[in-house]
Amino acid sequence: MSSVPLLELQNVGFWYNGRQVLKGVSFQVQEGDYLGILGPNGSGKTTLLKIMLGILSPQEGSVRARGKEVLAGGDFSVFGYVPQHASHAEFRFPVTVRELVSSGRVPQLPLFGRFKDADRKMVEQSMRTVGILELQNRRVDDLSGGERQKAFIARALAGNPKILILDEPLTGVDTASQELFYDFLRDLNEVFRITIILVSHDVDVLAQQVKSILCLRHELLYYGSSSDLTKEELVEKLYGSKVKFFPHKENHHA
Amino acid sequence: MLELFQFDFMVRALGAGLMVAFLAPVIGMFLVVRRYSLMADTLAHVALAGIAMGIILQVYTIAAAVALSVGAAVLIEILRVRWKIFGESLLAIFLSGSLAIAAVLLSVTKGFQIGLFGLLFGSIATVSQTDVYVILGFGTLVLGTIFLLYKEFLFVSLDQEFAQVSGRKARILNIVLMALTAMAVALSIRIVGVLLVGALTVIPVIAAMQLGRSFLQTMGLAVLFSLLSVISGIFLSYSYDLATGGTIVVVALAIFILSLLVKGKR
């Protein structure tokens, strides 16, 4: 394990129109981590995500990736980002899986640069890692929600990032596919040693999947191993009320 | 039919028309995938204001149309990103605003013979030799830039959020793409007219999207459909004395309906 954390946030604060949405947020992500960021809607998750990615600059505190400060508009090659809309059915672009995944390689190329053999190999390796190489010539809008999600992950991996960040990846994916998807993410983390940050509001499922959890409601409510807390304790921290979980075949949401 | 080529104006119209047939769908591909289909229509209305301005200032009208459209395209992109105004709201403001400015300016140009019908619906008879050179010159510049920056434009058009995060100069690329769109639209007005530029930019692309299996193949099909529409539209409009732009777009619509039928049978 490297002594310099892959990502380090120190005392990060952020205000929107005079209202503080993040306060004193500090945490570290080490190589090989699988971190789940949990929080109800409006808890500051999206703002935190944008700050980590360098889209927003923190108004207080600092963000460092591999020891270097992350600046808005700077070099974000550390991150492979899978946006929330990746699995949505309204993605109706006439692109093949290969074209989509190749576009993830574009940030690595100089302006006016052409793809070289090494780039094509990286694209193929990314598709192979997520298991969609045989789908490379299919149109992305012809794929199922789960397959489409994998295509977007392959695009993120094509840039050879240090950290894969997924924002609410299971929106629009059915329950059976969700379980397979979490197995797939665990393999990416454990077999391929890819560091993952997963942002979600889904306490029930996420708590069982990730190695460490960060609970957010404008400030850190909990940051530590996912095995140290029960789901009930997590929900109590996030929503401030005691709840009981009842198994339900169709819906995993708390 | 070949005797049509003995008329100089027909040769000029075809020369300019073929370039427009390439330009409109190539630009249209990037507009449609980013759900910016109304951009071409908006910029065409801005170009109309540019033409009116050119008439008043007595400068070459296509140059005035290109300059004003490029300026408006860059301004729209800056307002969208910096001021966070919805893209569609901006298009509505620029479309109706520039039409109002064009109406005011055109009312000042009463003394000039400007052929408003030809401007609105396209006319092959008004294409001059200078127009052909300008359309071919600027058109080559637009197509050449898209060829060189194809993968970058595809990258920013597919997913702007991802592009922004990846640190590529997505904002600059977006502005360059919008400026190229403005040029293509302003150049196309002579052939298809202000009111129908948007149709030639979008309809062949939507038809191609029903059948294409990749982005590149879809773009190729869109250009093919556009060429078919423009060439047959020019000949039909000459043969039956019809408005050129309207005839071209009616052919494009027929191809779109055919594409839906072919897709339905697959």
Multiplying the sequence separation of B:Val108 and B:Phe147 by 0.36 nm and subtracting their Cα-Cα distance, what value in nm do you get? 9.9 nm
Part-to-part distance (alpha-carbon centres) for region B:83-161 and region A:1-68, which is given in Å: 43
Computed, not fitted: 222 nm per-residue ellipticity of chain B from DSSP H runs ≥ 4 (each -39500 (n - 2.57)), nearest 500, equal to -27500 deg cm²/dmol
Around A:Val21, which amide H atoms from residues at least 5 apart in sequence, or from another chain, sit under 5 Å from its own amide H, with H modelled in the peptide plane? A:Phe14, A:Trp15, A:Tyr16
Skipping prolines and chain starts, which residues have an amide H placed within reach, meaning under 5 Å, of the one on A:Leu7, given they are 5 or more residues away or on another chain? A:Val29, A:Arg66
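If you take every residue apart from A:Arg139 with its C-beta less than 12 Å away from the C-beta of A:Arg139, what net charge results, scoring Lys and Arg +1 and Asp and Glu -1?
Values: positive: A:Arg92, A:Arg98, A:Arg138, A:Arg148, B:Arg213; negative: A:Glu99, A:Asp141, A:Asp142, A:Glu147.
Surrounding charge for A:Arg139 is +1.
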Cross-link pairs beyond the 30 Å C-alpha cut-off, checked among A:Lys45/A:Lys68; A:Lys211/B:Lys151; A:Lys23/B:Lys84; A:Lys121/A:Lys162: A:Lys211/B:Lys151
Under a plain spin-label model, where a point goes 7 Å from the Cα along Cα-to-Cβ, how far apart in nm are B:Ala100 and A:Tyr223? 5.2
Output row, site B:Ile172, 7 Å Cα→C-beta label point, backbone N cut-off 18 Å, window region B:55-95, residues B:74-75, B:77-78, B:81-82
Which chymotrypsin sites (Phe, Trp or Tyr not before Pro) in region B:103-212 sit in a loop by DSSP (not H, G, I, E or B) and have at most 15 other Cβ atoms within 10 Å of their own Cβ? B:Phe112
When Rg is the radius of gyration of the Cα atoms in region B:45-193 and Rh is its Kirkwood radius, what does Rg/Rh come to? 1.02
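Per the Cauchy relation, a quarter of the hull surface: what is the mean projected area of the convex hull of the alpha carbons in the protein assembly as shown, in nm²? Please report the intermediate quantities before stating the final value.
Numbers: hull surface 112.2 nm².
Its Cα hull, projected and averaged over all orientations, spans 28.0 nm².
How much of the DSSP beta bridge set in the protein assembly as shown is antiparallel, as a percent to the nearest 5? Don't jump to the answer; show the numbers that get you there.
Values: 21 of 39 bridges.
Counting only bridges with both partners in the protein assembly as shown, antiparallel ones make up about 55 percent.
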When all C-alpha to C-alpha distances in region B:212-266 are sorted into bins of 10 Å, what percent of pairs does each bin hold, rounded to whole numbers? 24, 44, 25, 6
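Report the per residue volume, in Å³, of the convex hull enclosing the C-alpha atoms of chain B.
On the way: hull volume 34.0 nm³, N = 266.
Spelled out: Cα convex hull of chain B, divided by residues, is 128 Å³.
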Roughly how many Å is it from the Cα centre of region A:82-141 to that of region B:166-241, as a whole number? 25
Added length on full extension, which subtracts the Cα-Cα distance from 0.36 nm per residue, A:Ser77 to A:Glu60: 3.8 nm
Per the Debye formula with a single identical scatterer at each Cα and no solvent contribution, what log10 I(q)/I(0) holds for region B:6-115 at q = 0.10, 0.13, 0.24 Å⁻¹? -0.36, -0.59, -1.27
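Work out, in µm²/s and without decimals, the Stokes-Einstein translational diffusion coefficient of region A:1-159 at 10 °C, 1.306 mPa s, Rh from Kirkwood over C-alpha pairs.
Values: Rh = 17.4 Å.
It comes out at roughly 91 µm²/s.
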Straight-line reach check, B:Lys169, cutoff 15 Å on alpha carbons, 8 or more apart in-chain or any other chain, hits among aspartates and glutamates -> A:Asp75, B:Glu77, B:Glu152, B:Asp159, B:Glu161
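Read-outs: derived from the displayed coordinates by stated rules, not from any lab. The structure displayed is predicted, hence computed values, not measured ones. Note: ideal-geometry Cβ built from the backbone for every residue, glycine included; neighbour counts use all protein chains shown.
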